[in-house]
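The values are calculated or read from the model by the stated rules, or taken from the named source; none is laboratory data. Values in this document were obtained by computation on a predicted structure and should not be read as measured data. A quick note on method: Cβ atoms are made from the backbone with ideal geometry, for glycine too, and the neighbour counts reach across all protein chains shown. In case anyone asks, the SASA skips ligands and DNA or RNA and just uses the protein heavy atoms, side chains included. Shrake-Rupley method; radii C 1.70, N 1.55, O 1.52, S 1.80 Å.
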There are 2 protein chains.
Amino acid sequence: MQTSKVFFDVVMSLDGFIAPEGMDLAHANDPEYKQWMNKWMALQQWVFRQKFFRENLHLGEGGETGQDNRMMEETFQRTSVSIMGKNMFNGGEQFWPEEAPFHTPVFVLTDQIRNPWQRPGDTTFYFVNDGIESALHQAREVAGNGDIRIAGGANCIQQYLNAGLIDEFTIHYVPVFFGHGTSLFAHMNPEIKVKMRETIPSKEVVHITYEVEKK
Amino acid sequence: MQTSKVFFDVVMSLDGFIAPEGMDLAHANDPEYKQWMNKWMALQQWVFRQKFFRENLHLGEGGETGQDNRMMEETFQRTSVSIMGKNMFNGGEQFWPEEAPFHTPVFVLTDQIRNPWQRPGDTTFYFVNDGIESALHQAREVAGNGDIRIAGGANCIQQYLNAGLIDEFTIHYVPVFFGHGTSLFAHMNPEIKVKMRETIPSKEVVHITYEVEKK
């Protein structure tokens, strides 16, 4: 029996964006452009305060150890494999530390033909050129009973969700407005039915987990 | 001292819409168009089950009397005056029962010049032609210490929110996807800062109340 779940887990602004306008390869070195860095930090500041996140990215000692931290650590622990789109990979390739923060196999949806790229700390990127179902199939082969995380970005998540391939997902709702940016749910298929499973309010963030109903 | 609050309170789909595509005057009598009626009912079904709502619209006996019902009743009770945009009024004018469900003064932002329209049950619509600040000023004059509800639609809410005139708001998050529709926060000013005040999870809906930070 397949017990492995396919899930995603993202931080979203109140107006529905997971990245601000201007946060792209063209403006990666221009954090003042459209104030993208300030907006990103307003969305992610609660993440940067968590002990688990700080340790995983070697950002330094200390950090919060409450409920938010526990959730982040559990999400990391359950993830046996990740799948990501090419935009997320191209951005991350420049900005992740040498020891990329995944520590698992990562399948990258791309048109680039490239040999697997192994990083220190057990992250290996595999490049998949034949679509989302193939990437998921390859991910299942190495995931065992562990879970498969659709890491992002929004376009990649939308494709998996609209294809009915996601089992569950968590959104961390943060009370900031971006005005413009990358919308998580820009092109949803209204036939996809979900229900709420759990709501966990923290001080500054509300974490809601949804389950996708299977036909 | 001014103790009256200006607020809004809306039901939103998971992808950020407060009304589905096709729910407009042109298709009001064609509920199959883009399946707008089915989508609307999926968003609002928890509302139609509440005792308070059923009584207020004379929909019949019975209904739920739990937390969701209490919230709806409290929202009604705190509202001394409502303000709405012309699209909401034009739609409602056709579909509200003769005894319109407000039972208070309602200021309508419109370019139509029209005498006040008094309905049975103490709802009177006043037509305001000189902008959102004027409507709010007129609303404050009759609200006393009661609260002022910006009833909708999305455009009207965005205008008040972006002008810094809202004190607090509640969003009822419902796990349905519309795909297309009227986006609540399509054009937000990222300078508007909010914080979470209260999260109340119900079985099928999560109610989150936000406070707007004043400069």
R0 = 60 Å: FRET efficiency of B:Phe95 with A:His27, Cβ-based, nearest 0.05? 0.80
Is the stretch A:79-215 best put as rounded, prolate or oblate by its Cα gyration tensor, with a ≥ b ≥ c the root eigenvalues, rounded for a/c under 1.5, and otherwise prolate when a/b is larger than b/c, oblate when not? prolate
Can you tell me, using C-alpha contacts under 8 Å and at least 6 residues apart, the relative contact order of the stretch A:31-86 as a whole percent? 22
Need one number: buried accessible surface between chains B and A, 1.4 Å probe, both sides summed, DNA, RNA and ligands left out, in Å² to 100. 2200
Other copies of B:Asp111: label-to-label distances in nm, shortest first, labels 7 Å along the beta-carbon direction: 4.6
Name the chain A residue nearest the rotation axis between A and B, going by Cβ position, and give the distance in whole Å. A:Gly16, 2
Ordering A:Leu59, B:Leu109 from largest to smallest accessible area (1.4 angstrom probe), what's the sequence? A:Leu59, B:Leu109
Listing of the stretch A:177-197 residues, each with accessible area lower by at least 30 Å² in the full protein assembly than in the chain alone (probe 1.4 Å): A:Phe177, A:Gly179, A:Phe185, A:Met188, A:Pro190, A:Val194, A:Met196
Charge context of B:Ser134, other residues only, Cβ under 15 angstrom, K/R +1, D/E -1: -2
The stretch A:179-215 versus the stretch B:110-161: alpha-carbon centroid distance in Å: 33
Top to bottom by accessible area (1.4 Å), largest first, where do A:Thr110, B:Thr3, A:Thr123 land? B:Thr3, A:Thr110, A:Thr123
Given a 1.4 Å probe and the protein chains all in place, what does the accessible area of B:Phe177 round to, in Å² to the nearest 10? 10
Would you mind working out the accessible area per residue for chain B, using a 1.4 Å probe, and quoting it in Å²? 48
Starting from the residue with the highest accessible area, list A:Arg70, A:Arg140 in decreasing order, probe 1.4 Å. A:Arg70, A:Arg140
Accessible area of A:Arg114, 1.4 Å probe, to the nearest 10 Å²? 70
Among A:Glu168, A:Glu73, A:Glu204, which one shows the biggest mean-square fluctuation in a GNM of chain A, springs joining Cα atoms closer than 10 Å? A:Glu204
Tally the DSSP beta bridges in the protein assembly as shown and give the antiparallel ones as a percent, rounded to 5. 45
Compute, for B:Thr209, the solvent-accessible surface of its heavy atoms (probe 1.4 Å) with the complete set of protein chains present, and express it in square angstrom to the nearest 10. 20
Net +/- balance of residues flanking B:His27 in space, Cβ distance below 14 Å, scoring K and R +1, D and E -1: -2
Nearest-5 percent of antiparallel DSSP beta bridges in chain A? 45
How large is the direction-averaged shadow of the alpha-carbon convex hull of the protein assembly as shown, in nm²? 23.7
